[in-house]
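Below is one structure; the comments refer to it alone.
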There are 2 protein chains.
Amino acid sequence: MLPRFDEVVRVDAPSNNTSKTKEVGAREGTSKPIRIEGVALEAGVSPITVSRALRASTSVSPATRERVLAAVRKTGYVSNPHASALRSGRSTIVAAFLSNLVSQQYNDAATACAEVLEDAGFQLMIGQTAYSYARETAAVQSLRALKPAGIFFSGVVELEANRRAVREFGVPVVESWAFPRDPIDMLVGISNTEAGCMAADHFVGRGRRRLAFVGRSGGRGRLRLNGFRERARELNAEIVLVREVDHVRSISDGRTILRELASYTRDIDAVFIANDLLAIGALLEAPSIGVSVPHDLSILGIGDSEFAARMTPSLSVVAFDASFVGRRAGQLIASRLSGTSKSPSLEHVPLSLVERGSS
Amino acid sequence: MLPRFDEVVRVDAPSNNTSKTKEVGAREGTSKPIRIEGVALEAGVSPITVSRALRASTSVSPATRERVLAAVRKTGYVSNPHASALRSGRSTIVAAFLSNLVSQQYNDAATACAEVLEDAGFQLMIGQTAYSYARETAAVQSLRALKPAGIFFSGVVELEANRRAVREFGVPVVESWAFPRDPIDMLVGISNTEAGCMAADHFVGRGRRRLAFVGRSGGRGRLRLNGFRERARELNAEIVLVREVDHVRSISDGRTILRELASYTRDIDAVFIANDLLAIGALLEAPSIGVSVPHDLSILGIGDSEFAARMTPSLSVVAFDASFVGRRAGQLIASRLSGTSKSPSLEHVPLSLVERGSS
DNA sequence: TTGTAAGCGTTATCAG
DNA sequence: CTGATAACGCTTACAA
């Protein structure tokens, strides 16, 4: 079966011939990139001066810096990050460990973080931790070797040994998505306990009193449950059902969950599904198994997304600005690295309850 | 406003005391990682032998390798990738440039690719190209410095100068998401032209004859339009409307598009929306502006996702296995790097038309 | 199969 | 503010 070829339109670059050091005899892809020494020669200074001129922090006279920058432009010099990392013990790579790449919230955070950091001359390297201690430890191990300039976690590191290890790297670290008392370094956090409280408040405020919770058994799931449970108790509402789900891979897991919940709908009238994919999946499934949302069952999710907003009925959520989390994390790391800020930072990202059709 | 703290549950690592070289005097985060020399000492061989034992390719006697591996385990040695990269001119980082991180298809591809490569000892570094020549060029520039072990593009590189530059890196490169005659190196491709043909076939087969197309004006959008247009002509169907959309950021852009299309529904009876976010957005918007899908307007998207499958009505799509693309790309790069395969590879990923409620 | 010597390109350190 | 020197940790090239 011969496939149909695509007649891809190729575009010629605008003839932007900045450099004449090309097109000499680069037959076999080995036209060696110019080194710092070449720039130094061109600028009439020593290599170390070039190095200094290119790193904002150190002191070089304005005139020299100008000449160096001109030489860099002329030669098209790009620093070798490996050599730099080897000698300085620090790379220009900032590592981001995300719980997953599917949820819009983590995506948004990663995208915003990458944008900020790229503007500051760093690359963001994205990895997944996927909610498992083994993955967490593996991630930390690979960090040790990589010697990243900074680290962003879409969560908090949970194993004590890993916390210690990460702290010892001595680089800026931003944890997020929770609000612990003792972050490793910096924090752009949301309070999961508070989120749970808000969920209970919301349900009871709307006259629901027989509540259910769906979420992970550990980590943020537990925190959300803690808040939910505590506030429910204060309000004299009953938590009839707690369903722990630990390996959510996709929204179709939400379907399974809703099928289960459906058998309880005489006993429960509201469920806080503390996972974005699960909540969306459950809401999608409702019509097909005859559960009327919110009449039979009120559903509240966490973490806003376009899908949540555009579904029918639309999904009510405990929301926060995930892009902001990523952007702020990037800013904190960048400013720490440029020496602008030194103090540890602990920021709180506000939560809001977005009331929509599902609750 | 004092936020509510999360009482995060910390977990102690299982007391897995593999190494006794710790806990000496590492007061200030500077417990230097062990180097290859330490492993060599432990194993009673020279550093270079350790180096060789750890890189599968080179020849070391089985007995020696065993001793080296034991020493590595005992010392907890992790190779410094920067030193390695500096000396060898090749890093263990494989770069992935994705069109975006929001679409499930690219996500799936990236996740699958990362998984394969991590198993083979590489890290996947994810960047975005976001459909712009400027971004494409910037991406290639950063690659030059990074000297990655391999490169995966969720697309084909379009600027000639960039193609040349990438080819000159001399590392395994996988392009994808299109089926050009002359890939830079390897290809795990889908035929966009074919996708357009299939869309036209589908519509005409269902009795639709007044067609519309929505997609990017360049790149894969154009290819899909080419196929769509060509087949429509062959089948005597009319393409009434072509709407080019170049900066799709989110599904809400699909709403705008559907509003526009709605004013044409007397003239068109089917639309091929050659962008996954746009198609989902359009389908979500339909009820609220009184367009009945598929009665008034038949909608076909491209690239399957869970949302496409679970919406009401569900979205018909030209589908292919995005996870497979990423996985295969990872495999090709890994096997090239381990010396297993040498020849260029050109693979075709089959397309299928998933008929659902929207068409 | 294993070892010796040298060097990858940058930056820390110390001197001027 | 600028420069000379050495070193970061590893792997290539060559020798045994």
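The local environment of B:ASN275, defined by Cβ-Cβ distances under 14 Å, has a net charge of +2 under the rule Lys, Arg +1 and Asp, Glu -1.
Distant-in-sequence amide contacts of A:ARG243, defined by a placed amide H-H separation under 5 Å and a gap of 5 or more residues or a different chain, comprise A:PHE213, A:VAL214, A:GLY215. Position B:SER250: other-copy label points at 2.5 nm, ordered by increasing distance, label point 7 Å along Cα→C-beta. Across the copies of the chain, A:ASP267 has label points (7 Å from Cα along Cα→Cβ) spaced 6.0 nm apart, shortest distance listed first.
Mean separation of Cα pairs under 8 Å and 6+ residues apart, divided by the residue count of the stretch B:36-76: what relative contact order is that in percent?
Values: 36 pairs, mean separation 17.1, N = 41.
For the stretch B:36-76, the relative contact order is 42 percent.
Taking label positions 7 Å along the Cα-Cβ direction at both A:GLU7 and B:SER250, the computed distance is 3.9 nm, reported to one decimal. Restricting the calculation to alpha carbons of the stretch A:36-76 gives Rg and Dmax of 8.7, 23 angstrom.
Taking the protein heavy atoms of the stretch B:103-205 in the context of the full set of protein chains, the accessible area attributed to carbon and sulfur is 50 percent at 1.4 Å. Annotated for the protein assembly as shown: lysine pairs at least 8 residues apart or interchain, Cα distance under 25 Å, count 23. In a fully extended conformation the segment linking A:ALA134 and A:GLU260 would gain 42.4 nm over its present Cα-Cα distance, using 0.36 nm per residue. The coefficient of translational diffusion for the stretch B:192-319, derived via Stokes-Einstein from the alpha carbon Kirkwood radius under 10 °C and 1.306 mPa s, stands at 114 µm²/s. Annotation: peptides B:270-281, A:293-304, A:233-244, A:158-169, ranked by per-residue average of other Cβ atoms within 10 Å with the highest first, follow the order B:270-281, A:293-304, A:158-169, A:233-244. Here the alpha carbons of chain A define both size measures, Rg and Dmax, at 26.0, 83 Å.
Would you mind counting up the charge near A:ARG65? Only other residues with Cβ under 13 Å from its Cβ, with Lys and Arg at +1 and Asp and Glu at -1. Spell out each step's value before the answer.
Numbers: positive: A:ARG52, A:ARG55, A:ARG67, A:ARG73; negative: A:GLU66.
It works out to a net charge of +3.
Counting only whole DSSP H helices of chain B, the ones at least 15 Å long by C-alpha along their axis and with mean Kyte-Doolittle hydropathy no lower than -0.5 are B:62-75, B:133-146, B:192-205, B:252-262, B:322-337. Dipole of the protein assembly as shown computed with +1 at Lys/Arg Cβ and -1 at Asp/Glu Cβ about the Cα centre; of B:ILE333, B:GLY301, B:ALA286, farthest Cα towards the positive end is B:ILE333.
Using a 1.4 angstrom probe on heavy atoms only, work out the carbon and sulfur share of the accessible area of the stretch B:36-76 in %. Walk me through the numbers before you get to the answer.
On the way: 1420 of 2410 Å².
It is 59 percent, rounded to a whole number.
Tell me the relative contact order for the stretch A:108-267 as a rounded percent, counting alpha carbon contacts under 8 Å between residues six or more apart. Across the stretch A:108-267, relative contact order equals 14 percent.
In this simple spin-label approximation, B:SER352 and B:ALA309 carry label points 7 Å from Cα along the Cα→Cβ vector, and these lie 1.0 nm apart.
Could you please report the charge total around A:ALA53, scoring K, R as +1 and D, E as -1 over all other residues with beta-carbon less than 11 angstrom from its beta-carbon? Mind dumping the intermediate values first?
Working: positive: A:ARG52, A:ARG55, A:ARG65, A:ARG67; negative: A:GLU66.
In short, +3.
Counting only Cα atoms, the size of the protein assembly as shown along its three principal axes is 71, 69, 59 Å, in decreasing order. Placing +1 on each Lys and Arg Cβ and -1 on each Asp and Glu Cβ, with no other charges, gives chain B a dipole about its Cα centre of roughly 1100 debye. Taking every DSSP helix (H) stretch of at least 4 residues in the protein assembly as shown, weighting each as -39,500 (n - 2.57) and dividing the sum by the residue count yields a mean residue ellipticity at 222 nm of -13000 deg cm²/dmol.
With its label point put 7 Å out from Cα toward Cβ, A:ILE48 sits 3.2 nm from the same residue's point in the other copies, in order from shortest.
Burial of accessible area (probe 1.4 Å, heavy atoms of protein chains only) in the stretch A:50-96, relative to its chain alone, reaches at least 50 Å² for A:VAL78, A:HIS82, A:LEU86. Net charge dipole, the stretch B:76-212: roughly 360 debye, given to the nearest 20, about the Cα centre with Cβ charges of +1 for Lys and Arg and -1 for Asp and Glu.
Tell me: how much accessible area in total is hidden between B and A, 1.4 Å probe, Å², nearest 100?
Values: alone 19630 and 19660 Å², together 31810 Å².
Result for this pair: about 7500 Å² buried.
Explain nothing, just the number: dipole magnitude of the protein assembly as shown about its Cα centre with +1 on each Lys and Arg Cβ and -1 on each Asp and Glu Cβ, in debye rounded to the nearest 20. Walk me through the numbers before you get to the answer.
Working: 88 positive and 76 negative charges, 453 e Å.
The calculated dipole for the protein assembly as shown is roughly 2180 debye.
Between B:SER88 and B:SER61, the modelled label-to-label distance comes to 2.5 nm, taking each label 7 Å out from Cα in the direction of the beta carbon. Taking the charge dipole of chain B about its Cα centre, with +1 at Lys and Arg Cβ atoms and -1 at Asp and Glu Cβ atoms, the residue from B:VAL8, B:ILE257, B:SER191 reaching farthest to the positive side is B:VAL8. In the context of the full set of protein chains, residues of the stretch A:192-319 present 37 Å² of accessible surface per residue (probe radius 1.4 Å, heavy atoms only).
For B:ILE302, the residues whose amide H sits under 5 Å from its own are B:ASN275, B:ASP276, B:VAL318, ignoring neighbours fewer than 5 places away on the same chain, with H placed 1.01 Å from N. What FRET efficiency would be calculated for the residue pair B:SER292, B:GLU230, taking the C-beta separation as r and a Förster radius of 41 Å, to the nearest 0.05? Taking R0 as 41 Å, the efficiency between B:SER292 and B:GLU230 is 0.85. Relative to one another, the C-alpha centroids of the stretch B:108-160 and the stretch B:284-359 are positioned 20 Å apart. Placing unit charges on the Cβ atoms of the charged side chains and taking the dipole of the stretch A:165-215 about its Cα centre, the candidate lying farthest along the positive direction among A:VAL204, A:PHE169, A:VAL214 is A:VAL204. Using a cutoff of 8 angstrom between alpha carbon atoms and counting only pairs six or more residues apart, the relative contact order for chain A works out to 15 percent.
The values are calculated or read from the model by the stated rules, or taken from the named source; none is laboratory data. Worth saying up front: this structure is predicted, and the values here are computed from it rather than measured. Note: ideal-geometry Cβ built from the backbone for every residue, glycine included; neighbour counts use all protein chains shown. The protein model used for the area step is the full one, side chains on, heavy atoms only, and it has no ligands, DNA or RNA in it. Shrake-Rupley method; radii C 1.70, N 1.55, O 1.52, S 1.80 Å.
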